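Participant: Okay, here's the structure, questions in a sec.
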Amino acid sequence: MLIPNMNYSHLKDSYLFYNIAQKVKAYLEEHPDAHIYRLGIGDVSLPLCDAVIKGLHQAAEDQADAATFNGYMPECGAPFLRTAVGDYYRGRGVQVADDEVFISSGASDELGDILDLFDRVNRSLIIEPAYPAYVDANIMGGREIVHLPSSRENGFLPLPDESTEAELIYLCSPNNPTGAVFSREQLKKWVDFANAHGSVIIFDAAYEAFIEDESLPHSIFEIEGARTCAIEICSLSKTAGFTGTRLGYTVIPKELERCGMKLNDMWIRCRTTKTNGVSYVIQRAALEVFTPEGQKQIHANIDIYKNNARTLMKALDELGIWYTGGKNAPYIWLRCPNNMGSWEFFDFLLNEAQIVGTPGEGFGRCGEGYLRFSTFGSPSETEKAAERLVALLKK
Ligand code: PLP
């Protein structure tokens, strides 16, 4: 009899977003005229910028003409886009070669697929609270997970110490859900740890474009020594509104090898076997993100989300509520007032001000007592939500 991957039976059901939806539904059934202020969403609300739309139209025209038509694309990415991404890194002074850049359909795909490169015996260290996909992808692969809880005391940015043991290390900076960002000095500690122990860091940089503090690193490859111990996974989802359009990229340096195996070569082999590349149309549109005009336009959109963050941070400052994130990340992670639990505060906000956040407990046990606000909503809704929050908690 066929034996399925029994690791799937170890997955815990995620009730987080289901429970939120159920609670909002129940509230609306009782209060059909109520307006809900949604600060829980992880999706973007602004449309693609004009430059990307122009690229999409151009790509459609290209596909309509035999002279410019594209069939199968190279599995590791169109050369024009690999170069554009490489130039994006090099423009910030980070030396990345074009053939170290792999174009993907998004960060989620890569975060799961990349595990193909590593034997099952490796342990995966996951800092909690965490983006839930890290945990589930490792459970599916049957790997032991080393949970590293973080807290307000370390700013939700824990560092390795003598007791740290793991072969794979997930770092997400700027972080979802906490919005915390590792400094260069902190990242260097993880890089030194990984090089000393032969570990590999999987660096999730999905929110790098939200960093505004010049001193903070956008890429792990800004840190000396990272080329021998890190893989970086990035996405245009939040940077350029590609959540429904789908495009990401992964950087694997050629120096990165373990047991005589080069991970860049292994990933070429993996991609050429398991994918037929990302659609020409989407890659052509993504190219526009990396032009000067595209960069100007995507940053105009990011600024709208950043204004939302400023609106919410001002309200929290006025209320004296502790939080992290918001400045260099699209998420704000706040301490629930009056020692309320995550779900208790969630219910209180829903019932008393019709504001919906995401209970921190849903991202791991150490998230209990915290709530996440997303800044991806509309400015007018965010402003009204902030006013209601202040009015409610100042009472
Ligand atoms: N990594 C983090 C930390 C995220 O928050 C998300 C999406 O919310 C992703 C990866 C997935 O991005 P993509 O849409 O490119 O799959």
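Participant: For Y249, which of the numbered conditions (1) more than 15 Å from the ligand (Cβ to nearest atom); (2) closer than 16 Å to D98 by Cβ fails to hold?
Facilitator: Answer for Y249: the failing condition is (1).
Participant: Provide a single number: the residues in the range 156-193 that are touching an Asp or Glu at 6+ places or on another chain (Cβ under 9 Å) and β-branched (V, I, T).
Facilitator: 2
Participant: Any idea which of F80, F102, F118 is aromatic (F, W, Y), at negative phi and within 16 Å of the ligand (Cβ to nearest atom)?
Facilitator: Going through F80, F102, F118 in turn, just one is aromatic (F, W, Y), at negative phi and within 16 Å of the ligand (Cβ to nearest atom): F102.
Participant: Hey, another quick one. Identify the residue in the range 207-246 that is surrounded by fewer than 24 Cβ atoms within 10 Å (Cβ to Cβ) and of a type in the set (G, A, S) and, among all such residues, is nearest to A51 (Cα to Cα).
Facilitator: So, considering only residues that are surrounded by fewer than 24 Cβ atoms within 10 Å (Cβ to Cβ) and of a type in the set (G, A, S), the one nearest to A51 (Cα to Cα) is G241.
Participant: Anything in the range 253-276 that is under 30 Å from S199 (Cβ atoms) and in a loop (DSSP other than H, G, I, E, B)? List them, or say none.
Facilitator: P253, K254, E255, L256, C259, G260, T275
Participant: So in the range 365-391, with the set limited to residues that are polar (S, T, N, Q) and touching a residue at least 12 places away in the same chain (Cβ under 8 Å), which one is surrounded by the fewest Cβ atoms within 10 Å (Cβ to Cβ)?
Facilitator: Within the range 365-391, the match that is surrounded by the fewest Cβ atoms within 10 Å (Cβ to Cβ) is S378.
Participant: So which of R227, R258 is away from the ligand (no atom under 11 Å from the Cβ) and in contact with an Asp or Glu (Cβ under 8 Å, 6 or more places away or on another chain)?
Facilitator: R227
Participant: Look through F210, F203, F182, F193 and report the one residue that is more than 12 Å from the chain's Cα centre (by Cα), within 15 Å of the ligand (Cβ to nearest atom), at pLDDT 95 or above and assigned by TED's automatic domain parsing to the domain that holds R120.
Facilitator: Going through F210, F203, F182, F193 in turn, just one is more than 12 Å from the chain's Cα centre (by Cα), within 15 Å of the ligand (Cβ to nearest atom), at pLDDT 95 or above and assigned by TED's automatic domain parsing to the domain that holds R120: F182.
Participant: Scan (1) part of a loop (DSSP other than H, G, I, E, B); (2) farther than 26 Å from I41 by Cα for the single condition F221 breaks and write down its number.
Facilitator: Of everything listed in (1) part of a loop (DSSP other than H, G, I, E, B); (2) farther than 26 Å from I41 by Cα, F221 misses just condition (1).
Participant: If I filter the range 322-333 for residues that are in a helix (DSSP H, G or I), open to solvent by 10 Å² or more (accessible area, probe 1.4 Å) and either without any contact (Cβ under 8 Å) to a residue 40 or more places away in the chain or among the hydrophobic types (A, V, I, L, M, F, W, C) (or both), do I get at least one hit?
Facilitator: So far as the range 322-333 goes, no, none of its residues is in a helix (DSSP H, G or I), open to solvent by 10 Å² or more (accessible area, probe 1.4 Å) and either without any contact (Cβ under 8 Å) to a residue 40 or more places away in the chain or among the hydrophobic types (A, V, I, L, M, F, W, C) (or both).
Participant: Of the residues P177, P158, only one is part of a loop (DSSP other than H, G, I, E, B), within 16 Å of the ligand (Cβ to nearest atom) and under 21 Å from the mean Cα position of the chain (by Cα); which?
Facilitator: P177
Participant: As an exercise: evaluate E61 against (1) within 18 Å of R246 (Cβ to Cβ); (2) touching a Ser or Thr at 6+ places or on another chain (Cβ under 8 Å); (3) open to solvent by 50 Å² or more (accessible area, probe 1.4 Å) and give the number of the one condition it does not meet.
Facilitator: In the conditions (1) within 18 Å of R246 (Cβ to Cβ); (2) touching a Ser or Thr at 6+ places or on another chain (Cβ under 8 Å); (3) open to solvent by 50 Å² or more (accessible area, probe 1.4 Å), E61 misses (1) alone.
Participant: Follow-up question, since we're still on this one. Answer yes or no as to whether E75 is among the charged types (D, E, K, R) and open to solvent by less than 30 Å² (accessible area, probe 1.4 Å).
Facilitator: Against the criterion (among the charged types (D, E, K, R) and open to solvent by less than 30 Å² (accessible area, probe 1.4 Å)), E75 does not qualify.
The values are calculated or read from the model by the stated rules, or taken from the named source; none is laboratory data. These numbers come from a predicted model, not from an experiment. Because the Cβ atoms are built from the backbone with ideal geometry, glycine has one as well, and the counts that use them run over all protein chains shown. In case anyone asks, the SASA skips ligands and DNA or RNA and just uses the protein heavy atoms, side chains included. Shrake-Rupley method; radii C 1.70, N 1.55, O 1.52, S 1.80 Å.
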